[in-house]
Amino acid sequence: MADAEVPRRQSLIFLLLYALAWAGGAIAYVPFLTIWLPGRMTQLAGTADVQALGYVTFFGAIAASVGGIGFGWLSDRTGNRRGWILAGLVLTIALLLVVPLAHDIWSLVAMIVAWQLTLNMMLGPLSAWAGDLVPDEQKGLLGGLLAFSPALGGWSGWLVTWPGLVTAEQRLVVIALLVASAVLPVLLFGRPRAFPQLTAPPPARAASERRRPTGPAVRMWLARLLVQIAEAALFAYLYFWFRSIDPGMHDNEKARLFGMALTIAIPIALASGRWADRNDRPFLPLVAAAAVSSLGMVGMALATGLDAAKASYLVFGIASTVFLSLHSGQTLRILPRSDRRGRDLGIFNLTNTVPSLIMPWLTISLVPGFGFDALFLLLAGLSAVAVLLLATMPRQR
């Protein structure tokens, strides 16, 4: 193909369908893990439900880590992203429908571990597929569109718990239908333009050299890990923090605030991503979002009243959502090898799972003796380190 015939931009329809498919992952795990699973744990374990949920979280995080790397690597080796995505989708839905058949804690843990593997059979190749098909000039837009994912995950949880709409027994069926409706369109109707330069094998010299992560890749990995630790801590302990500020704050108000942050982040992420594409400044919005996120946590540490606490949380929640969405798009820019893209993105996925193993120890060490203020200041410091890592990173062409 002559250079003049090589497309410069991916079709907007494919980008929209891809973003919907990516949101299918959040639709799968947010209501399942945050609503259905805790309730089922209480039924099976009674007063030991918190400890049992800890086992599920721990082993599930390990399974997600292994699955992301393993299935990403397999999609690299086979060159068939669609096939792995479809297989993962079918198995994820099948396990969602049979998991109620687990009637004791350890069979439920085993099913959740298997489900985490199948979910990452879908998500690992899906993330690498974007690297195969989205040029650098549109990676900011892609990151902005990915901001729909956490919002749709939250909205799906709201939908399946709507009083009188869906019975408790029907929730997993509805979740399965929503996941299929989100992921199948890009597999069935997506007609992406090919970008041979994005999938070309690396030069022979690069292929024969010892495979090491590049400096920019390491910086991007560390920056995301630091911000994700803060995000994971807030996700897990937001309820308790607001309760410490105002014991009378209703649960629905907490949920509404959380959903508001995710929703407001969408247009900001889209605008920031488009600005980054047009001005060829891919990392500047990441620096700004991490800095604002850090300031939001400082505000949370200093807040003494409910209004200040809610405003500071909104600043943090919006900025961290924008950061994580844009980061997902720009990560594809700095991966060193196209033939190991799925595997490398699986390694980046560790930044989503490792914080679940780190965050509880930070909280246990700080909150009982020093309060949430100390925790938030530490997390603000971690996000500030992420700012430095990205602000001093050399530009990638």
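Residues in the range 288-314 that are under 18 Å from the mean Cα position of the chain (by Cα) and without any contact (Cβ under 8 Å) to a residue 40 or more places away in the chain: 289 only.
Being charged (D, E, K, R), within 24 Å of residue 131 (Cβ to Cβ), assigned by TED's automatic domain parsing to the domain that holds residue 316 and surrounded by fewer than 21 Cβ atoms within 10 Å (Cβ to Cβ), is that true of even one residue in the range 373-383?
Here is the first cut: in the range 373-383, the ones charged (D, E, K, R) are 373.
If we keep only those that are within 24 Å of residue 131 (Cβ to Cβ) as well, we get none.
Checked against the condition, which is being charged (D, E, K, R), within 24 Å of residue 131 (Cβ to Cβ), assigned by TED's automatic domain parsing to the domain that holds residue 316 and surrounded by fewer than 21 Cβ atoms within 10 Å (Cβ to Cβ), the range 373-383 yields no hits at all.
So which of 248, 305, 259, 273 is modelled with pLDDT under 95 and buried (at least 19 other Cβ atoms within 10 Å of the Cβ)? Don't jump to the end; show me each part of the working.
On the way: 248 fails: buried (at least 19 other Cβ atoms within 10 Å of the Cβ); 305 fails: buried (at least 19 other Cβ atoms within 10 Å of the Cβ); 259 fails: buried (at least 19 other Cβ atoms within 10 Å of the Cβ).
Exactly one residue qualifies, and that residue is 273.
Yes/no per residue for (1) crowded, with 23+ Cβ neighbours inside 10 Å; (2) more than 30 Å from residue 118 (Cα to Cα); (3) free of Cβ contacts under 8 Å to residues at least 12 places away in the same chain:
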site: 332; (1), (2), (3): yes, no, no
site: 341; (1), (2), (3): yes, no, no
site: 354; (1), (2), (3): no, no, no
site: 361; (1), (2), (3): no, no, yes
site: 365; (1), (2), (3): no, yes, yes
site: 394; (1), (2), (3): no, yes, no
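Taking the criterion of being assigned to a loop (DSSP other than H, G, I, E, B) and surrounded by fewer than 16 Cβ atoms within 10 Å (Cβ to Cβ), the residues of the range 167-194 that qualify are 167, 191, 193, 194.
Looking at the range 259-299, which of its residues are aliphatic (A, V, I, L, M) and either in contact with a Cys (Cβ under 6 Å, 6 or more places away or on another chain) or over 28 Å from residue 157 (Cβ atoms) (or both)?
276, 284, 287, 288, 291, 295, 298
Suppose we keep only residues that are out of contact with any Lys or Arg (no Cβ under 8 Å at 6 or more places or on another chain) and outside any helix (DSSP H, G or I) within the range 106-147. Which one would you say is farthest from residue 285 (Cα to Cα)? Filtering first and then ranking leaves 134.
Listed conditions (1) within 14 Å of residue 143 (Cα to Cα); (2) in a helix (DSSP H, G or I); (3) under 20 Å from the mean Cα position of the chain (by Cα) are all met by residue 317, apart from (1).
The values are calculated or read from the model by the stated rules, or taken from the named source; none is laboratory data. Keep in mind that what you see is a predicted model, and the values were worked out from it rather than measured. FYI the Cβ positions are ideal-geometry reconstructions off the backbone, even for glycines, and counts take in every protein chain you see.
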